[in-house]
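The structure under discussion appears below in the form of structure tokens.
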Amino acid sequence: MTDVMVDAEGVRKRFGRQEVLRGITLQVRSGEVMCIIGPSGSGKSTFLRCINHLEKVDAGRLTVDGQLVGYREHGGKLYELRDREVCERRADVGMVFQHFNLFPHMTALENVTVGPIRVKGEDKAVAVERAKQMLSRVGLAEKLEAYPRQLSGGQQQRVAIARALCMQPKLMLFDEPTSALDPELVSDVLDVMRSLADDGMTMIVVTHEIGFAREVGDSLVFMDEGVVVEAGPPKEVLSSPSQERTQIFLSRIL
Amino acid sequence: MANGRTRDLTAPTAMPVVPIRHPGRWVAAAVVVLLAAMLAHSLFFSHVVINGRTRERFEWNIINQYFLSSEILKALGVTIALTVVAMAGGITIGIILAIMRLSPNPIVTGSAWLYIWFFRGTPVLVQLLFWYNASYIFPSFSLGIPFGPALVHFNLNTWLTPFLVASVGLALNEGAYMSEVVRAGLISVDEGQTEAAQSIGMSRFMTLRLIVVPQAMRVIIPPTGNETISMLKTTSLASVVTVSELTFTVEQIMAADYRTVPLFMVASLQYLWVTSVLMAGQYYVERHYAKGSVRQLPPTPLQRLRRGLLIRPGKAGYGRFGEVYGAPFIKELP
């Protein structure tokens, strides 16, 4: 196990003519909680999606747990990964989406167990047992048989977190997990994330929750127009930002 | 007040509700019932006089005589078999074409597009006649190495029976339409579902099978039911390639005994009851795939009937159409 979980070096990504990531360089250590903030369109979600192979990196190096994302290095050449290899690597990285993306035709329990049973080939009883523990950990022990539509936004997002956790990932990615929630439901989700961080999970959180970033985050990254403008311990970045763009952004949202 | 306590008359719960009257509804219902009675009379109880002889207008006795005759039942069997085989083939071809059209390979998408263009763009009647005469163009058919030696050899003249020609012809045509139905279903599923499935490590095929298709079914089933019911009647075109299905058989009987109208009634009634069975089947298949898409599944007609019979006046609850009845006070409403 390497000490560096995510290592990005000059990561670039373009969609057509628009370059969304223009050379991202950053490191996330094992057990670190990194929060990424920035205006919409700054490329923070795209960067997160690159880490989970949902987007292909155009240039630069991006490694997760020492493994190059999207390629296999062999004899001085880079080989594109096959579908199956990509799937194997994705299974080790959990992802939580802004709009939950729960499977609406499955109950909460089925949502959480489908990965371990179908992807990892785990024994059904074992997977169900762990799923129940996971769902009660996020406070949904009563909702095992509920379909996503019968749950509130906050409950759905907590099922989504449990779904990712049941794959026993070594890294969790959160893409604005509370942005689609009613204000009074946000804290339930943040509490779950906080307890995860306390357990030492490596997390990258794209968020607008400055309070969460300040209290829980080990580091804070401010991104704008596809580059990292400023990075450092959250309290420093938030209280005395050195860049003008960071100051302007923070003055608008705080 | 019965218990002697005073009630707060300003509280909304204490105020009786007077429902709106709908006299127009009663008038409309009366008109419809009258028209229905006239139709029923014309169908079952009226007579016509021709050359001094009186007969039933719709000759139900003749319809009755033919309805369960062995010829008709056998022909109905052929029609149903043709529908099942053609739809099974059509759905299979449709799924393959729909997946081909979503492929990143332009040759694959292009050929699927060409297939759909051709089979939707020519009349199915012409297609059937073409396949019927295919042995004129391809007298024999061989499987083997392309442009090389043949391994298996078929003589199409002996091999292609009318039933096979009709089912293959109908299936090929149906495949073009079904592919659009399936494709509509697949693209109706939110992209986020695929991403979520991939994020827990599912392969493309597994994502399609476990996540996308079950959700696409909700969109796919109603038009597929439509296509199946339409196919039941399109099989009557197989009469042009001498398949003894329902319409063809009825025409043959007519040619012998001139009972034109009653025999067409027989055919129509047969098509009608099979359609009814198909519609009932569709209802339950739809219900199955509605799982999770509504907070609570609506009751089936049977459950509604049972609930309807159990209504006791004066007791609040839900009626057979889901309406609230027996709720005199606002507080009863959610």
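The values are calculated or read from the model by the stated rules, or taken from the named source; none is laboratory data. Here the structure is a predicted model, which is why all the values come from computation and not from measurement. Every residue, glycine as well, gets a Cβ built from its backbone with ideal geometry; the counts of neighbours run over all protein chains shown. For the accessible areas, the whole protein counts, side chains as well, though only heavy atoms, and no ligand, DNA or RNA atoms are used. Shrake-Rupley method; radii C 1.70, N 1.55, O 1.52, S 1.80 Å.
Considering every residue in B:191-198, what mean count of other chain Cβ atoms within 10 Å of its Cβ is obtained?
Average neighbour count from other chains, rounded to a whole number: 6.
Among A:LYS170/A:LYS235; A:LYS13/A:LYS56; A:LYS13/A:LYS44; A:LYS13/A:LYS170, which pairs are too far apart, with a Cα-Cα distance over 19 Å?
Check vs 19 Å cut-off fails for A:LYS170/A:LYS235; A:LYS13/A:LYS170.
Calculated FRET efficiency, B:VAL33 and B:THR260, Cβ-Cβ r, R0 25 Å, to nearest 0.05?
0.20
Just for segment A:92-206, what percent of DSSP beta bridges are antiparallel, to the closest 5?
0 percent
Is chain A rounded, prolate or oblate when judged by the Cα gyration tensor, a ≥ b ≥ c being the square roots of its eigenvalues, rounded requiring a/c under 1.5 and prolate requiring a/b larger than b/c?
Note, shape of chain A comes out oblate.
Using a 1.4 Å probe on the protein chains only, how many percent of the accessible area of chain A belongs to carbon and sulfur?
Answer for chain A is 44 percent, counting heavy atoms of protein chains only.
Hey, got the dipole for chain B? About the Cα centre, +1 on K and R Cβ, -1 on D and E Cβ, debye to the nearest 20?
Result for chain B is approximately 1480 debye, rounded to the nearest 20.
Classify segment B:78-128: rounded, prolate or oblate, from the alpha-carbon gyration tensor (a ≥ b ≥ c, eigenvalue square roots; a/c under 1.5 rounded; otherwise prolate if a/b is larger than b/c)?
Oblate.
Do you know which residues of segment A:115-139 lose at least 10 square angstrom of accessible area in the protein assembly compared with their chain on its own, with a 1.4 angstrom probe?
Flagged in segment A:115-139: A:GLY115, A:ARG118, A:VAL119.
Please name which of A:ALA59, A:THR207, A:LEU181 has its Cα lying farthest along the dipole of the protein assembly as shown towards the positive end, using unit charges on Cβ (Lys, Arg +1; Asp, Glu -1) and the Cα centre as origin.
Going by the Cα projections, it comes out as A:LEU181.
Regarding the protein assembly as shown, what is the average projected area of its C-alpha convex hull, in nm²?
45.8 nm²
Taking R0 as 45 Å, what's the FRET efficiency between B:VAL108 and A:ARG29 from their Cβ-Cβ distance, rounded to 0.05?
Using R0 = 45 Å, I get an efficiency of 0.50.
If a helix is a whole DSSP H run, which ones in chain B reach 30 Å or further along their own axis (Cα) and hold a mean Kyte-Doolittle hydropathy of at least -0.5?
Answer set is B:70-101, B:162-188, B:260-289.
Along Cα→Cβ, 7 Å out, is where each label goes; now give me the distance between the ones at B:HIS288 and B:ARG204 in nm to one decimal.
The answer from the label model is 2.9 nm.
With a probe of 1.4 Å, find how much accessible area chain B has per residue, and write the answer as a whole number in Å².
Per residue, chain B has 63 Å² of solvent-accessible surface.
Antiparallel DSSP bridges in the protein assembly as shown: what percent, to the nearest 5?
Given both bridge residues lie in the protein assembly as shown, the antiparallel proportion sits at roughly 70 percent.
Relative to the Cα centre, what is the charge dipole magnitude of chain A, using +1 at the beta carbon of each Lys and Arg, -1 at the beta carbon of each Asp and Glu, and rounding to the nearest 20 debye?
680 debye
Estimate the FRET efficiency between A:ARG61 and B:ILE99 by the formula 1/(1 + (r/R0)^6), using the beta-carbon distance for r and 41 Å for R0, to the nearest 0.05.
Calculated value: 0.70.
What average count of beta carbons from other chains do you get within 10 Å of the Cβ of residues in A:90-102?
Across A:90-102, the average partner-chain Cβ count within 10 Å equals 4.
Which percent, nearest 5, of DSSP beta bridges in chain A are antiparallel?
Bridges in chain A that DSSP calls antiparallel: roughly 60 percent.
When the C-alpha atoms of chain B are aligned to their principal axes, what extent does each axis show, in angstrom, from largest down?
104, 82, 29
Using a/c under 1.5 as the rounded threshold, could you call segment B:239-282 rounded, prolate or oblate? The axes a ≥ b ≥ c are square roots of the C-alpha gyration tensor eigenvalues, and prolate needs a/b larger than b/c, oblate otherwise.
It is oblate, given that a/c is not under 1.5 and a/b is not larger than b/c.
At the nearest 100 Å², what buried accessible area, both sides summed, do you get for A and B when the probe is 1.4 Å?
Summed over both sides, the interface buries about 2200 Å².
In segment A:149-254, if every C-alpha pair distance is counted and binned at 5 Å from zero, what percent goes to each bin?
Going out from 0 Å in 5 Å bins, segment A:149-254 shows 2, 11, 21, 22, 17, 14, 8, 3, 1, 0 percent.
Starting from 0 in steps of 10 Å, tell me what percent of the Cα-Cα pairs of segment B:1-156 lands in each bin.
For segment B:1-156, the pair-distance distribution reads 7, 12, 17, 13, 14, 13, 11, 7, 3, 2, 0.
Looking at segment B:119-238, I'd like the Rg to Rh ratio, where Rg is from alpha-carbon atoms and Rh is Kirkwood's inverse mean 1/r.
For segment B:119-238, the value is 1.13.
Sorted by average packing, counted as other Cβ atoms within 10 angstrom per residue and highest first, what order do A:66-74, A:196-204, B:142-150, A:83-91 take?
A:196-204, A:83-91, A:66-74, B:142-150
Per residue, how much accessible area does segment A:95-236 have with a 1.4 Å probe, in Å²?
Computed with neighbouring chains in place, this is 38 Å² per residue.
Using a Gaussian network for chain B with springs between C-alpha atoms less than 10 Å apart, which of these wobbles most: B:TYR284, B:TYR66, B:TYR177?
B:TYR284
Taking the simple approach of a point 7 Å from Cα along Cα-to-Cβ for both A:ARG12 and A:LYS170, what is their distance in nm?
About 2.9 nm separates the two model spin labels.
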